[in-house]
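Notes follow the structure.
The values are calculated or read from the model by the stated rules, or taken from the named source; none is laboratory data. Because the structure is a prediction, the values reported are computed rather than measured. All Cβ positions, glycine included, derive from the backbone under ideal geometry; neighbour counts span all protein chains shown.
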């Protein structure tokens, strides 16, 4: 539920205090995460008190007045200018989670937001990454064409980052031998796959 009992001034103080604690030398990593969540909670509560041209709460945080309020928070908390972008990104993660806890499905859709929260998308990405990396370990035969294509695309992305011209001669020879071995193995698998398709 929206927190209508706190004034913008009170929310500004709350957010600034959370950010000051975030930068405190004796704040642990777990406490720093809580500071970001507390800051995000103040930001979301503040958005209830800023309105778009259509007269709806500025849940997306895009109005000039809201952004000016956020700048006041950062100024009061003495956040270094060169850290503001990365800090805002971290707060945005928690803000996205809190908004999805607060708003119903229709409101989320009307705002053009994805229904899954940043937390859910992060978990899904970790799971996909774990599944992809498991393809490169020992295990049963790989029989899913999508798995093969995904692994090949991943390796092609890696190969685009290899620049042999920047390597010394002995290193280039090692790289060339490794890649020739890979090409031979890939060629043999491709040949077998092509033969079985006929």
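Sort through 31, 26 and tell me the only one that's in a helix (DSSP H, G or I) and assigned by TED's automatic domain parsing to the domain that holds residue 102. Show your work before the answer.
Values: 26 fails: in a helix (DSSP H, G or I).
Matching residue, one of 31, 26: 31.
Going by the conditions given, is residue 91 without any contact (Cβ under 8 Å) to a residue 12 or more places away in the chain and surrounded by 17 or more Cβ atoms within 10 Å (Cβ to Cβ)?
Numbers: without any contact (Cβ under 8 Å) to a residue 12 or more places away in the chain: no; surrounded by 17 or more Cβ atoms within 10 Å (Cβ to Cβ): yes.
Taking the combined requirement at face value, the residue does not satisfy it.
If residue 58 passes every condition in (1) over 17 Å from residue 6 (Cα atoms); (2) under 23 Å from the mean Cα position of the chain (by Cα); (3) modelled with pLDDT under 95 but one, which one does it miss?
Single failed check for residue 58: (1).
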